[in-house]
Amino acid sequence: RRLALATVLLVSWAVGCIAPAAETADELNFSAASAPLTEAQNLILNSSFETAVGQPPAPASWKSTSWGTNNAKFAVTSDAHAGAKAGRIDITTYSNGDAKWVFDWVAVTGGTQYIYFDSYKSSVTTKLVAAQRRADGSVVYKTLTTVPASQGWSTASVGFTPVNDCVRLSVYHLLDAVGWLQVDDLKLAAASPASLVTGVPNGNFEQASEVD
């Protein structure tokens, strides 16, 4: 009887120690990330489209770009989430390609986890895509997530790890269908490591996720 009980206890302990397989390495690291981003951590210049340069005025540190067969129009609108301006895209006809506001490349460390946020509203589903410039000058594109349509201001957010030899990075919130998209208040920064004060990542539950 003692042997049978010991066997049952050992099997129960072993089953209880099996790690969940559903989470990816990025999700495991990201769930332990710390407090929300501050402006000092943000790598994106003119992240709310507030500063204009040139004649006619255009947002500093940004460019509007589209490719493929579509009719895309870009504007800076006063319908903003933060400050007085936001970027807007309207596509009136579409066969293929996409359109997006693109912020200037920022220097990053490949293989390090980063987090991205923006405020947006849109009439259709949109996408977040990471453009990763390698040391040899080539660019690798990675679709990070799809973003649901929202008639009011919402937050798009994602954690991801650029390729190991990535030296510069931009993230596109792009439109690839007939409809409209507005973006504002963008943030990009390296994710904060989890505290190990107790010997366990975020063991005292004090750190909040930077996305959730």
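Read-outs throughout are calculated quantities, based only on the coordinates presented, and are distinct from any laboratory measurement. Quick caveat, the model's predicted, so the values are computed rather than measured. Note that each Cβ is placed from the backbone with ideal geometry, even for glycine, and that neighbours are counted across all protein chains shown.
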**Request:** Along Cα→Cβ, 7 Å out, is where each label goes; now give me the distance between the ones at Val178 and Thr146 in nm to one decimal.
**Result:** 1.9 nm
**Message:** Restricting to Cα atoms and excluding each atom paired with itself, what does the Kirkwood estimate give for the range 72-112 in Å?
**Reply:** 13.0 Å
